[in-house]
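I'd like to ask you about the structure that follows.
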Amino acid sequence: MAEKTVLIVDDEAAIREMIAVALEMADYHCLEAANARDAYMSIVDHRPDMILLDWMLPETSGIELARRLKRNEDTADIPIIMLTAKSDEDNKVQGLEVGADDYITKPFSPKELVARLKAVLRRSTPMGIETAIDIDGLVLDPACHRVTSNGQALTMGPTEYKLLQFFMTHQDRVYARAQLLDLVWGGNVYVEERTVDVHIRRLRKALGSEHDYLVQTVRGAGYRFSSNIAH
């Protein structure tokens with residue numbers, strides 16, 4: 001399994017360090033932020049697989065940050081576990097209603113945290129990230145980093161592979177070039193939008209005549225990956 005990145009958002013450095021040590025021992029890569037602003041910048045730049053979010057943060061609260069992330073379609077699918085000293089049932093309900101995937105009350109054991117985190121990641125990981133996905137005979141297997149077309153292995157560069165993996169796990173929706181740059185290349189990578197067109201052409205060439213129809217140009221809007229158009 002590829003190493004997962006977890007963003008720890010808590011204004012207490014000692015708690016961030018305790019969590020980071022536990023997660024790194026469990027083979028997770030950790031990022032840290034002490035407030036909502038720094039957390040949001042880290043999310044845009046690094047696209048973590050999971051966010052551990054403290055309820056009580058200075059200035060903007062954790063619950064407000066969670067609400068903002070879940071309203072934004074580019075970050076809505078990142079799982080969130082709320083960490084808080086609040087044990088009142090109403091607070092738990094509020095946390096879950098804004099979109100948090102789980103809720104852990106302080107103090108908690110590192111062992112419990114790791115177990116809950118693994119459970120949430122299992123629930124939220126779509127096919128094509130850890131398990132193979134098959135669309136019309138095009139198979140992407142992340143375990144061996146391999147793509148086949150009707151049983152024949154395809155050759156493509158690392159960027160085309162990342163682009164294909166994103167498309168296959170986000171089907172039937174139109175993505176603008178700017179969105180693809182953020183979601184596939186990352187918000188901290190500065191390249192021109194025309195770069196997307198170059199890699200789309202390379203991806204179609206790699207897919208060949210059997211499956212190039214899956215990558216569709218939507219005039220004036222961007223690109224869509226779909227098997228719904230006759231070919």
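The values are calculated or read from the model by the stated rules, or taken from the named source; none is laboratory data. No experiment lies behind these values; they were computed from the predicted model shown. Cβ sites come from the backbone with ideal geometry, for glycine too, and all protein chains shown count toward neighbours.
Taking into account only those residues within segment 15-28 that are surrounded by 15 or more Cβ atoms within 10 Å (Cβ to Cβ) and of a type outside the set (Gly, Ala, Ser), which is farthest from residue 56 (Cα to Cα)?
So the residue we want is 28.
Next question. Return the only residue of 60, 84 being in contact with a Ser or Thr (Cβ under 9 Å, 6 or more places away or on another chain), over 22 Å from residue 185 (Cβ atoms), of a type in the set (Ser, Thr, Tyr) and assigned by TED's automatic domain parsing to the domain that holds residue 115.
84
Of the residues that make up segment 99-113, is at least one charged (D, E, K, R), part of a strand (DSSP E or B) and modelled with pLDDT of 90 or more?
no
Select from segment 41-63 the residues that are of a type outside the set (Asp, Glu) and assigned to a strand (DSSP E or B) and list them in ascending order.
50, 51, 52, 53
Only residues that are surrounded by fewer than 22 Cβ atoms within 10 Å (Cβ to Cβ) and either farther than 18 Å from residue 79 by Cα or not basic (Lys, Arg) (or both): list them for segment 38-47, please.
38, 40, 41, 42, 44, 45, 46
Further question on the same structure: Mind listing just one residue for me: the one in segment 146-161 that is in contact with a helix residue (DSSP H, G or I) (Cβ under 8 Å, 6 or more places away or on another chain) and surrounded by 15 or more Cβ atoms within 10 Å (Cβ to Cβ) and, of those, nearest to residue 219 (Cα to Cα)?
160
If residue 56 meets every condition in (1) modelled with pLDDT under 90; (2) buried (at least 16 other Cβ atoms within 10 Å of the Cβ); (3) under 16 Å from residue 100 (Cβ atoms) apart from one, which number is that one?
Just one mismatch for residue 56, condition (2).
Any idea which residue in segment 15-37 is nearest to residue 75 (Cα to Cα), counting only those that are assigned to a helix (DSSP H, G or I) and in contact (Cβ under 8 Å) with a residue 24 or more places away in the chain?
36
Any residue at all in segment 186-203 that's assigned to a strand (DSSP E or B), touching a residue at least 12 places away in the same chain (Cβ under 8 Å) and within 30 Å of residue 43 (Cβ to Cβ)?
no
Does segment 210-227 hold any residues that are under 16 Å from residue 166 (Cα atoms) and in a loop (DSSP other than H, G, I, E, B), and which are they?
226, 227
Which residue, of 196, 189, is more than 19 Å from the chain's Cα centre (by Cα), under 16 Å from residue 74 (Cβ atoms) and at pLDDT below 95?
So the residue among 196, 189 that is more than 19 Å from the chain's Cα centre (by Cα), under 16 Å from residue 74 (Cβ atoms) and at pLDDT below 95 is 196.
Related question: Which members of segment 202-211 meet the condition of being surrounded by 15 or more Cβ atoms within 10 Å (Cβ to Cβ) and either at pLDDT 95 or above or within 25 Å of the chain's Cα centre (by Cα) (or both)?
Once the filter is applied, which keeps residues that are surrounded by 15 or more Cβ atoms within 10 Å (Cβ to Cβ) and either at pLDDT 95 or above or within 25 Å of the chain's Cα centre (by Cα) (or both), segment 202-211 yields 202, 203, 204, 206, 207, 211.
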